[in-house]
Amino acid sequence: MSWQDYVDKQLLASRCVTKAAIAGHDGNVWAKSEGFDISKDEVAKIVAGFENESLLTGGGVTIAGTRYIYLSGTDRIIRAKLGKVGVHCMKTQQAVLPVVIRDRNAP
């Protein structure tokens, strides 16, 4: 299974995730959902935010040009939101997975 297959057939197919990407810690995007144009700089800031939370608490988390309000995080996960849309960024040993979560009340 390719990284793109994982995004399409696992994450998006869950119908809970509306947008997703997989990127290396260096910011290079390995796979992404259609129209989810996350930049290398945005990934780099997220990766740095896992180590230094203060980078995200004041300016929020920007993903694909949309700024989300930082809620909480650990060295492995970052949570943010904008209105009723949530974002989770998970860190693995080699990658970062930013995903946009569907509003549970949406049709």
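Within the same chain, aspartates and glutamates fewer than 8 places from Lys91 are excluded, and of the rest, those with a Cα less than 13 Å from its Cα are Asp26, Glu51, Asp75.
For Rg and Dmax of the Cα atoms in Å, which listed value, (i) 16.5, 51; (ii) 12.8, 38; (iii) 13.6, 45, comes from the coordinates shown? Looking at Rg and Dmax of the Cα atoms in Å for this model, the match is (ii).
Carbon and sulfur together cover what percent of the accessible area of segment 1-76 at a 1.4 Å probe radius? Exposed carbon and sulfur together represent 49 percent of the surface. Summarised in one figure, the compactness ratio Rg/Rh of segment 1-56, Cα atoms and Kirkwood Rh, is 1.03. Between segment 62-86 and segment 7-58, the C-alpha centres lie 10 angstrom from each other. For Gln93 and Asp41, a Förster radius of 25 Å and the Cβ-Cβ distance give a FRET efficiency of 0.70, rounded to the nearest 0.05. Positive end of the dipole of the chain (Cβ unit charges, origin at the Cα centre): among Leu11, His25, Ser39, the Cα lying farthest that way belongs to Leu11. What percent does the relative contact order of the chain come to when contacts are Cα pairs within less than 8 Å and at least six residues apart? The value is 24 percent. What shape does segment 46-95 have by the C-alpha gyration tensor, where a ≥ b ≥ c are the square roots of the eigenvalues, rounded means a/c under 1.5, and otherwise prolate means a/b greater than b/c and oblate the rest? It is prolate, given that a/c is not under 1.5 and a/b is the larger ratio.
Placing +1 on the Cβ of every Lys and Arg and -1 on the Cβ of every Asp and Glu, with no other charges, gives segment 1-94 a dipole of roughly 380 debye about its Cα centre.
The residues of the chain expose, per residue, 58 Å² of accessible area to a 1.4 Å probe. Net charge near Ser72: determine it from the other residues with C-beta under 10 Å of the C-beta of Ser72, scoring Lys and Arg +1 and Asp and Glu -1. Neighbourhood net charge equals 0.
Since only Ile77, Phe50, Gln93 are under comparison, the one whose Cα sits farthest along the positive direction of the charge dipole of the chain, derived from C-beta charges on Lys, Arg, Asp and Glu, is Ile77. Estimated from helical segments only, the mean residue ellipticity of the chain at 222 nm is -4000 deg cm²/dmol, where each DSSP H run of four or more residues counts as -39500 (n - 2.57). Summing Cβ point charges (Lys, Arg +1; Asp, Glu -1) relative to the Cα centre of segment 1-53 gives a dipole of roughly 220 debye.
The values are calculated or read from the model by the stated rules, or taken from the named source; none is laboratory data. Bear in mind the structure is a predicted one, so any value in this text is a computation, not a measurement. Here Cβ is always computed from backbone atoms with ideal geometry, including for glycine, and neighbour counts include all displayed protein chains. Surface accessibility is based on the protein's heavy atoms, side chains included, excluding ligands, DNA and RNA. Shrake-Rupley method; radii C 1.70, N 1.55, O 1.52, S 1.80 Å.
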